[in-house]
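Below: one structure, written as structure tokens.
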Amino acid sequence: MRISAAFTELRTWPRRRRMVAAGIGAAAFTALTLASGSVAVAGGSLMFPGAVWAYAVTVVGAGLIGLVVASYFDAPIGGEATRCDVRWPVLGLIAVYLTTELWEAVPLIAGAVRPVVAVAAIALLVWALLERLGSEHRAVNDRNENDEDGEVCTTCKPLFPATRSR
């Protein structure tokens, strides 16, 4: 899916999805900021010891995580989330954390590699969002155009399987 098509898709989201995206994005930002040590209190004053790019990565990464998670809610039939949809956003979230983390004396990712991995993490999250929106779009549009079932993932299990009453 192209980025312009993704923006069009996002504009048509119902209010609930937008609210979920905002809430999850804010929660992800708070969790990443606190977990990475990007905000500190020293001598009664608030300090921001990290690099400027790290804060930008945290904001963009949290926003993308919010959009990806919101895409799992109120998905149209055929566009339901699967476990395959979760793996790349989780890896992207972990990479954002590892590149912005300040607690460790010897971080896992250090030096000039951090910004490179951070950009790769953001690219991974953008790709995951585009794939998620694209698969949902194909599932819905193929169904409407051909009057058949749209594209459905056959190799992954549903993330939220329907419970059947006995």
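The values are calculated or read from the model by the stated rules, or taken from the named source; none is laboratory data. Everything numeric here is computed off the predicted structure, so don't read it as measured data. Note: ideal-geometry Cβ built from the backbone for every residue, glycine included; neighbour counts use all protein chains shown. What goes into the accessible areas is simple: the full protein's heavy atoms, side chains included, and nothing from ligands, DNA or RNA. Shrake-Rupley method; radii C 1.70, N 1.55, O 1.52, S 1.80 Å.
Within region 1-63, which trypsin sites (Lys or Arg not before Pro) sit in a loop by DSSP and count at most 14 neighbouring Cβ atoms inside 10 Å?
On the way: sites: R2, R11, R15, R16, R17, R18; in loops: R2.
Loop-located and lightly packed - R2.
Please work out how much length the chain gains when fully extended from C84 to A120, using 0.36 nm per residue of separation minus the C-alpha to C-alpha distance, in nm with one decimal. Once the chain is fully extended between C84 and A120, it gains 11.0 nm.
For region 1-100, with all protein chains in place and a probe radius of 1.4 Å, 72% of the accessible heavy-atom surface sits on carbon or sulfur.
Accessible area per residue for region 3-133 is 54 Å², calculated with a 1.4 Å probe on protein heavy atoms, without ligands, DNA or RNA. Restricting the chymotrypsin sites (Phe, Trp or Tyr not before Pro) of region 23-106 to loop positions (DSSP other than H, G, I, E, B) with no more than 10 neighbouring Cβ atoms within 10 Å leaves W103.
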